[in-house]
Amino acid sequence: MAKEIERKFLVEGEGWRALAEGKLYRQGYLNSVKERTVRVRTVGQKGFLTIKGITVGATRVEYEYEIPLGECNAMLDDLAEKPIIEKKRYAIAFGGLTWEVDEFFGENAGLIVAEVELGSEEQVFEKPSWAGREVTGDPRYFNSNLIAHPYSTWK
């Protein structure tokens, strides 16, 4: 069983932008209930199917498989819950780890978050200056919840 352990933070300022070039992501959910999500996503010219379990603390089970790009795009267009999540992801090396900064577009424009994947929930790590308030446990920031409650609708 694969496990994903990640912490998520709001991004502050613009200091991170010069550290990496972003890749465009399009993703949608075929199932977005909290007990399990089934996601399809394009990353550049590749398609992926990802199944994730419920998050407990900062950990959840995750399975990911590459799928044909054409089939992935068809699932995004025909089957995925709307709106589709569109974002640019920047992979930034810091403190011996890779931080992934997601800049959202469309109905989630204005939201920028950084995630770092860890080996354990207890792992000590250095936080970059542009990583602000932690939102790991706040379900509003789960990509699957940004479909039903886009950032642009938050008060």
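Of the numbered criteria (1) over 25 Å from ALA148 (Cβ atoms); (2) crowded, with 17+ Cβ neighbours inside 10 Å, the one VAL40 fails is (1). Checked against the criteria, GLU134 does not count as surrounded by fewer than 18 Cβ atoms within 10 Å (Cβ to Cβ) and without any contact (Cβ under 8 Å) to a residue 40 or more places away in the chain. May I ask you to list pairs of residues, at least six apart or on different chains, whose Cβ atoms are under 6 Å apart, with the first in region 27-45 being on the phi > 0 side of the Ramachandran plot and the second being surrounded by fewer than 16 Cβ atoms within 10 Å (Cβ to Cβ)? Final answer for the pair search is GLY44/LYS23. When the criteria are applied in full, SER32 fails the requirement of being more than 16 Å from the chain's Cα centre (by Cα) and among the hydroxyl-bearing types (Ser, Thr, Tyr). For region 137-155, residues that are out of contact with any helix residue (DSSP H, G or I) (no Cβ under 7 Å at 6 or more places or on another chain), in a helix (DSSP H, G or I) and surrounded by fewer than 16 Cβ atoms within 10 Å (Cβ to Cβ) total 3.
Selection over region 13-29 of residues that are more than 14 Å from the chain's Cα centre (by Cα), closer than 27 Å to LEU49 by Cα and open to solvent by 60 Å² or more (accessible area, probe 1.4 Å) gives a count of 1. Is it the case that region 29-43 has a residue that's of a type outside the set (Val, Ile, Thr), within 22 Å of LYS8 (Cβ to Cβ) and not in a strand (DSSP E or B)? Scanning region 29-43 turns up at least one residue that is of a type outside the set (Val, Ile, Thr), within 22 Å of LYS8 (Cβ to Cβ) and not in a strand (DSSP E or B). Checked against (1) among the small types (Gly, Ala, Ser); (2) out of contact with any helix residue (DSSP H, G or I) (no Cβ under 8 Å at 6 or more places or on another chain); (3) under 26 Å from LEU19 (Cα atoms), ALA109 passes all but condition (2).
Just checking: which of the strands (runs of 3 or more DSSP E) contained wholly in region 45-130 hold 2 or more residues that are aliphatic (A, V, I, L, M) and open to solvent by less than 20 Å² (accessible area, probe 1.4 Å)? Hits in region 45-130: 85-94, 112-117. Annotation: of all residues in region 1-12 being modelled with pLDDT of 95 or more and open to solvent by 40 Å² or more (accessible area, probe 1.4 Å), the one that is nearest to the chain's Cα centre (by Cα) is ARG7.
The values are calculated or read from the model by the stated rules, or taken from the named source; none is laboratory data. Values in this document were obtained by computation on a predicted structure and should not be read as measured data. With ideal geometry, Cβ positions are generated from the backbone for all residues, glycine too; neighbour counts draw on all protein chains shown. Please note that ligands, DNA and RNA were not included when accessible areas were found on the heavy atoms of the full protein model with its side chains. Shrake-Rupley method; radii C 1.70, N 1.55, O 1.52, S 1.80 Å.
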